[in-house]
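All of the numbers you see were taken from the coordinates with simple rules; none came from a lab. Note that the structure is predicted; figures quoted are calculated from it, not measured. No Cβ is skipped: glycine too gets one built from the backbone with ideal geometry, and neighbour counts run over all protein chains shown.
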Amino acid sequence: GAVVSQHPSRVICKSGTSVKIECRSLDFQATTMFWYRQFPKKSLMLMATSNEGSKATYEQGVEKDKFLINHASLTLSTLTVTSAHPEDSSFYICSAARLAGVYEQYFGPGTRLTVT
Amino acid sequence: SQQGEEDPQALSIQEGENATMNCSYKTSINNLQWYRQNSGRGLVHLILIRSNEREKHSGRLRVTLDTSKKSSSLLITASRAADTASYFCATAPSGNTPLVFGKGTRLSVIA
């Protein structure tokens, strides 16, 4: 299967700072990338859909000014958590997708964000 | 809103027993997928079943899909301690929409 990487795997930051998480598709070009958020012992919640070269589409309740998404190339999307607060602490997972009749989504290993 | 609802939320069995997890969803789907997640780790894709399929096997895994009841089941046979993880179903309402995940079942296999 296709490989998707995320960097960093873990990050601890102080309240008020911004954190950037990278999602890369290593061996294919992803027309679309998705960002999910997962709280402890909970399921994945879709945050936004990101298409290369266009603005991301955010799910209801997700603040676009707080969670900045940039999809500058077909292999890289970034999620920046701005002015982070402790309640932003979570596990963030990206997936890279290619449309081959249907979406084939490949998930990254996730990034554990802890805001102190 | 969440598409899938897994049942049970938590399941504890002895090694060697079979584990059955169920998933129900609300709208029509293009396909349904099952994923596994070890604590604090990423997702591992287990199996995909398309809406026109009724059953699929992969090793010790057996997945069924009943579109009339909008439900799916995942059976793990001869469970092992290493199968301990959370299992999620995820549905794609149509071919070009992102996966929507259920709440998951936490499976504990006791050696």
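Counting other C-beta atoms within 10 Å, which of A:47, A:33 has the fewest, and how do the rest follow?
Working: A:47 24, A:33 31.
Least crowded to most crowded, the residues run A:47, A:33.
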Next on the checklist: Report, in listed order, any pair from A:42/B:69; A:41/B:70; A:55/B:69; A:20/B:69; A:14/A:41; A:20/B:26 with a Cα-Cα distance greater than 31 Å.
Outcome noted: A:55/B:69; A:20/B:69; A:20/B:26
Item to check | Whole-Hz couplings from phi, Karplus 6.51/-1.76/1.60, listed for region B:66-73; x for Gly and Pro | outcome: 10, 6, 5, 9, 6, 8, 9, 10
Checklist entry - Mind checking the dipole of chain A: about its Cα centre, +1 per Lys or Arg Cβ, -1 per Asp or Glu Cβ, Debye to the nearest 20? => result 280
Checklist entry - So for the protein assembly as shown: antiparallel DSSP bridges make up what percent, rounded to the nearest 5? => result 90
Next on the checklist: Whole-Hz ³J(HN,Hα) for each residue in region B:10-21, computed from phi via Karplus 6.51 cos²θ - 1.76 cosθ + 1.60 with θ = phi - 60°, x for glycine and proline: what do you get?
Outcome noted: 9, 9, 10, 9, 8, 4, x, 6, 8, 10, 10, 10
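What order do you get for A:114, A:75 when you list them from fewest to most C-beta neighbours inside 10 Å? Can you show the working numbers first?
Numbers: A:114 14, A:75 18.
In order of increasing Cβ crowding within 10 Å: A:114, A:75.
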Item to check | Residues whose placed amide H lies under 5 Å from that of residue A:94, excluding near-sequence neighbours | outcome: A:36, A:108, A:110
Checklist entry - Going by Cβ distance under 4.7 Å, what cysteines of the protein assembly as shown have no possible disulfide partner? => result A:13
Next on the checklist: If you build the convex hull over the alpha carbons only and average its shadow over all orientations, what do you get for chain B? Give it in nm² to one decimal.
Outcome noted: 6.5
Item to check | Spin-label model distance (nm) - residue A:41 vs residue B:64, 7 Å beyond Cα toward Cβ | outcome: 3.1
Item to check | Estimated inter-spin distance, residue B:55 and residue A:31, nm [label 7 Å along Cα→Cβ] | outcome: 3.6
Next on the checklist: Once each part is reduced to its C-alpha centroid, what is the distance from region B:32-72 to region A:69-87 in angstrom?
Outcome noted: 30
Checklist entry - Which whole number gives the average count of other chain Cβ atoms within 10 Å of the Cβ atoms across peptide B:27-33? => result 1
Item to check | Full-stretch length increase - residue A:83, residue A:15 - with 0.36 nm per residue and alpha-carbon distance subtracted | outcome: 23.8 nm
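What ranking do B:71, B:79, B:94 get, fewest neighbouring Cβ atoms within 10 angstrom at the top?
Values: B:71 18, B:79 21, B:94 12.
The order, fewest Cβ neighbours first, is B:94, B:71, B:79.
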Next on the checklist: Spelling out what I want: for every residue of region A:81-91, take phi, set θ = phi - 60°, compute 6.51 cos²θ - 1.76 cosθ + 1.60 (Karplus), and round to whole Hz; glycine and proline get x.
Outcome noted: 8, 8, 6, 5, 10, x, 5, 7, 4, 5, 9
Checklist outcome for this item: When the charge dipole of region A:13-116 is computed with +1 at the Cβ of Lys and Arg and -1 at the Cβ of Asp and Glu, the Cα pointing farthest to the positive end, of A:29, A:61, A:83, is that of A:83
Next on the checklist: Beyond 23 Å, how much of the Cα-Cα pair distribution for the protein assembly as shown remains, as a whole percent?
Outcome noted: 48
